[in-house]
Amino acid sequence: MKILLVSKDRSFCDSVRLAFAREGCAVRVSDRQGIWSRANQDDDVMILHAMKPAAAARWCRLARRVRPGSAIVACCNAIDAAGIAGILDAGADDAMASTAPAAELLARVRAVCRRARTVTLGPNRVGAILIDPTTRTVAINNIPVSLRRSEFRLLSYLVANPDRVIGSRELMEDVFGGEHTGDNALVRVHLSQLRRKLGAAGAAIETVRGQGYRLVAEASEGFLKQSA
């Protein structure tokens with residue numbers, strides 16, 4: 001596994017490089033100029049490190065424009081739910097505190113790479129929502145909707161399980177990777193962003209208090225009829 005680590009923090013770089021080297025991973029360290037470098041285009045994942053979430057989000061937006069197909073994990077010295085939301089909305093596939101153990105970062109990077117290699121099936125429709133994993137496209141009443149990779153995976157899972165209540169633990173394990181078990185804030189952030197991007201159709205994703213979430217097929221069908 002090839003890693004591009006974008007950071008100016010020498011201590012952070014050294015700890016990450018050591019931990020990843022033990023697992024046989026090649027880590028290439030660069031400053032922010034590395035985002036533009038063609039020499040780094042074959043890396044499996046980019047780790048972006050910044051002091052504050054706002055800075056991480058800014059560089060994630062740039063990285064996503066320059067390298068739209070790259071997997072990105074962002075790390076910040078201090079981060080909360082709002083910071084995670086901003087970073088994920090900026091294009092990162094995952095976000096975490098840089099103070100977490102290097103083993104956790106390694107696990108999250110592995111999960112991101114694993115999800116990127118997931119084999120997907122053909123098109124699936126639930127009411128107004130049409131999702132095609134082969135082309136990675138989503139449409140609401142035939143109008144294209146742009147989703148990040150993580151949002152696309154989440155919607156794919158919900159569409160594949162209509163009307164079933166899915167707990168946060170299951171979503172963490174099957175959508176975001178087992179290493180994230182217990183990190184319910186990540187699920188809430190992704191669902192909030194997904195609902196917003198789906199517009200009125202996002203109301204079909206219900207929160208079942210104390211149990212989890214479900215995509216209500218009837219609600220989505222109703223949106224299809226209203227928009228016809």
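Scanning the range 56-76 for residues that are within 16 Å of D9 (Cβ to Cβ) and either at pLDDT below 90 or not small (G, A, S) (or both), which turns out nearest to the chain's Cα centre (by Cα)?
V73
The listed residues are D14, D80, and the only one of them that is over 20 Å from A185 (Cα atoms) and acidic (D, E) turns out to be D14. The residues listed here are A103, A92, A82; of these, the one that is modelled with pLDDT of 90 or more and either over 12 Å from S150 (Cβ atoms) or assigned by TED's automatic domain parsing to the domain that holds H190 (or both) is A82.
Does G91 qualify as being of a type in the set (G, A, S), closer than 21 Å to R188 by Cα and under 13 Å from the mean Cα position of the chain (by Cα)? Judged against the criteria, G91 is a match. For first residues located in the range 1-22 and over 16 Å from I72 (Cβ atoms), partners that are in a loop (DSSP other than H, G, I, E, B) and of a type in the set (K, R) and lie 6+ apart or on another chain with Cβ distances below 7 Å do not occur.
Give the range 1-58 a look and list any residue that's among the β-branched types (V, I, T) and touching a Gly at 6+ places or on another chain (Cβ under 8 Å), or say none. Selection gives V6 alone.
The values are calculated or read from the model by the stated rules, or taken from the named source; none is laboratory data. Everything quoted here is computed from the prediction, not taken from an experiment. With ideal geometry, Cβ positions are generated from the backbone for all residues, glycine too; neighbour counts draw on all protein chains shown.
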